[in-house]
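Working notes for the structure below.
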Amino acid sequence: MTDPVTDPGDSRRAGAGSSGPDAPNGPAGRATARLAAYLADAGLAWEAGARPGEVVVTVPGERKLTTIVSLLVRDELTSVSAFVIRNPDENHAEVYRFLLRRVMRRPLLGYAVDAAGDVYARAQVPTEAVDAAYLDLLMGAVLEAADAPFNDLLVLGFLTSMKREWAWRVARGESLANLEAFRSILSGAEDDPAYAVPPLPPDPLPPEPLPPE
């Protein structure tokens, strides 16, 4: 399965090797300076976002390869948003119930969906509270909210697609490496008629040899 996080490409810069995001004046400026110092100390990759005051940070994960976190620094509030997973293919009610139950046990963050149905972890915090200690707590909470439930969300919302992918890979002799974590659930799909893979078309016949001149 492909991790549904868009790679922002080579334009992303490493916070540890840069001077940090531009810092305007006022509370937002002071918070942005503290954010820049935190990113440099943590060695996290970042880039300037599309909106003024926005910093986009790449946080490595365990289940997801990376989590992309947007921090939008304003004078009063700093908003935090992290992409979790795209709109599920199925079982929306079960996916949302699972996420709401997680919110009961998680500080700082909640879950939200956008107009396309994609799931995000979201928070708003007072900008004056944004210091290194708070950022460390916040980034840890964001990573936990986005990374820890990733495999469970795949099974709840994409199981049919995963079984179809497993059956296709087995039939074609393709690698199962990035599905190994789900072997106990997916194994046997290759024998299920619902996920039958049509045989490959036969190789075309070689062209007729030209008659001798």
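Simple spin-label estimate for Leu137 and Ser79 gives 2.3 nm between the two label positions (7 Å along the Cα-to-Cβ direction from each Cα). For a modelled paramagnetic label at Leu65, 7 Å from Cα along Cα-to-Cβ, the residues of the range 122-164 in reach, with backbone nitrogen under 17 Å, are 147, 150-151. Each of (i) 1.16; (ii) 1.36; (iii) 1.11 is a candidate for Cα Rg over 2.2 N^0.38 Å; the one calculated from this structure is (ii). Based on DSSP H segments of at least four residues, each scored -39500 (n - 2.57), the chain has a per-residue ellipticity at 222 nm of -11000 deg cm²/dmol.
For the chain, the relative contact order works out to 17 percent when only alpha carbon pairs closer than 8 Å and six or more residues apart are counted.
Using R₀ = 41 Å, calculate the FRET efficiency as 1/(1 + (r/R₀)^6) where r is the Cβ-Cβ separation of Glu190 and Arg106; round to 0.05. Taking R0 as 41 Å, the efficiency between Glu190 and Arg106 is 0.65. Our summary gives the range 110-197 a relative contact order of 20 percent, counting only alpha carbon pairs under 8 angstrom and 6 or more residues apart.
The accessible surface of the chain, taken with every protein chain in place and a 1.4 Å probe, is 56 percent carbon and sulfur.
The protection proxy used here, the mean number of other Cβ atoms lying within 10 Å of each residue, ranks peptides 93-104, 155-166 as follows, highest first: 155-166, 93-104.
Most tightly packed first, judged by the mean number of other beta-carbon atoms within 10 Å of their residues, the peptides 84-91, 167-174, 64-71, 120-127 read 64-71, 120-127, 84-91, 167-174. Taken per residue, the accessible surface of the chain reaches 57 Å², heavy atoms only and a 1.4 Å probe.
The values are calculated or read from the model by the stated rules, or taken from the named source; none is laboratory data. Just so it is clear, the structure is predicted and the values come from calculations on it, not from any experiment. A quick note on method: Cβ atoms are made from the backbone with ideal geometry, for glycine too, and the neighbour counts reach across all protein chains shown. The accessibility values were calculated without ligands, DNA or RNA, using every heavy atom of the protein model including side chains. Shrake-Rupley method; radii C 1.70, N 1.55, O 1.52, S 1.80 Å.
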